[in-house]
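J.: I'd like to ask some things about the structure below.
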Amino acid sequence: MTNRKIEYGVIPPEADAEFTARMEEVLATYAQPYDAAKPVLCMDEQPVQLLKEARQPIPATATHARRVDYEYERAGTGMIFMFTEPLAGWREVQVRATKTKADWAQEMARLLEGRYADCPRVVLVCDNLNTHTKGAFYEIFDPERARRLVSRLEFRHTPKHGSWLNIAENELSSLTRQWVAGRRFGDLETLRHETAAWSSDVNAKQKGVQWHMQIADARRKLISVYPKIMT
């Protein structure tokens with residue numbers, strides 16, 4: 001029997017007008033110059049399995065690497081919220097136990113009333129989950145506060161099967177590879193401390209994110225996703 005390898009990834013749709021429209025809207029957003037009064041903010045989420053050590057690890061020595069037992073205890077999950085402002089070279093990680101509408105709305109309110117308090121508008125690039133809605137603000141805040149928040153927020157939803165268009169997903173991938181993969185975090189506070197250290201380090205070293213794909217590139221390279229116009 002021949003052993004065939006399987007490569008997993010995102011297969012874009014074919015001739016999908018909705019995908020095309022949302023993709024071009026996101027690409028047009030990324031092509032705009034930096035505007036401090038109307039910053040572009042990207043956000044994404046990722047679960048992390050919390051694992052406690054069943055036995056105390058043995059610290060590294062001059063002759064041995066740190067030794068960790070194979071056995072561990074499951075301790076639930078944590079949810080990483082990644083926020084990044086690509087043109088400002090800024091990213092922030094927040095850790096919560098869940099990713100409900102309330103979690104999302106509270107995190108967005110914290111940013112809109114904190115870092116972006118003086119910005120009349122904020123453009124938010126995110127996927128189209130049922131937790132990422134204007135109504136989420138009204139479920140946990142009084143109408144006056146909810147309206148103040150919603151009126152300053154412009155959504156740019158990535159298309160279904162188009163999460164690669166979200167720069168926050170790329171930041172999450174970097175965080176996972178550089179800081180999370182292969183490590184055990186026994187509780188939310190440890191995960192929170194470690195991911196905060198990562199974001200501080202990257203913010204100090206990386207000044208911005210360069211997004212190279214433009215609408216013209218998409219029309220040339222992703223021609224199969226564009227509907228065929230009947231004449």
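None of the figures in this text is laboratory data; all of them are computed from the coordinates on show. Remember, predicted model here, so these are calculated numbers, not experimental data. No Cβ is skipped: glycine too gets one built from the backbone with ideal geometry, and neighbour counts run over all protein chains shown.
J.: Return the residues of the stretch 120-133 that are surrounded by 13 or more Cβ atoms within 10 Å (Cβ to Cβ) and either under 22 Å from Asp35 (Cβ atoms) or acidic (Asp, Glu) (or both); say none if nothing qualifies.
T.: Arg121, Val122, Val123, Leu124, Val125, Cys126, Asp127
J.: Scan the stretch 89-109 and give yes if some residue there is aromatic (Phe, Trp, Tyr), within 19 Å of Leu188 (Cα to Cα) and touching a helix residue (DSSP H, G or I) at 6+ places or on another chain (Cβ under 8 Å), otherwise no. Before you say what the answer is, go through the steps one by one.
T.: Of the residues in the stretch 89-109, the ones aromatic (Phe, Trp, Tyr) are 90, 104.
Adding the requirement that they be within 19 Å of Leu188 (Cα to Cα) leaves 104.
Narrowing further to those that are touching a helix residue (DSSP H, G or I) at 6+ places or on another chain (Cβ under 8 Å): 104.
There is at least one residue in the stretch 89-109 that is aromatic (Phe, Trp, Tyr), within 19 Å of Leu188 (Cα to Cα) and touching a helix residue (DSSP H, G or I) at 6+ places or on another chain (Cβ under 8 Å).
J.: Kindly indicate which of Ala117, Ala105, Ala36 is over 27 Å from Ala181 (Cβ atoms), surrounded by 16 or more Cβ atoms within 10 Å (Cβ to Cβ) and among the small types (Gly, Ala, Ser).
T.: Working: Ala117 fails: surrounded by 16 or more Cβ atoms within 10 Å (Cβ to Cβ); Ala36 fails: surrounded by 16 or more Cβ atoms within 10 Å (Cβ to Cβ).
Checking each option against the conditions leaves just Ala105.
J.: Another question, then. Could you tell me which of the residues Trp198, Trp211 is within 22 Å of Glu171 (Cα to Cα), touching a Phe, Trp or Tyr at 6+ places or on another chain (Cβ under 8 Å) and in a loop (DSSP other than H, G, I, E, B)?
T.: Numbers: Trp198 fails: in a loop (DSSP other than H, G, I, E, B).
Matching residue, one of Trp198, Trp211: Trp211.
J.: Restricting to the stretch 97-117, name every residue that is more than 19 Å from Tyr138 (Cα to Cα) and touching a residue at least 40 places away in the same chain (Cβ under 8 Å).
T.: Ala97, Tyr116
J.: Do any helices (runs of 4 or more DSSP H) lying entirely in the stretch 45-154 carry at least 2 residues that are of a type outside the set (Gly, Ala, Ser) and under 26 Å from Asn203 (Cα atoms), and which ones are they? Spell out how you get there, then give the answer.
T.: Details: elements: 101-112, 135-140, 143-150.
By residue number, 101-112.
J.: State all residues of the stretch 142-156 that are surrounded by 18 or more Cβ atoms within 10 Å (Cβ to Cβ) and not aliphatic (A, V, I, L, M); if no residue qualifies, say none.
T.: Arg156
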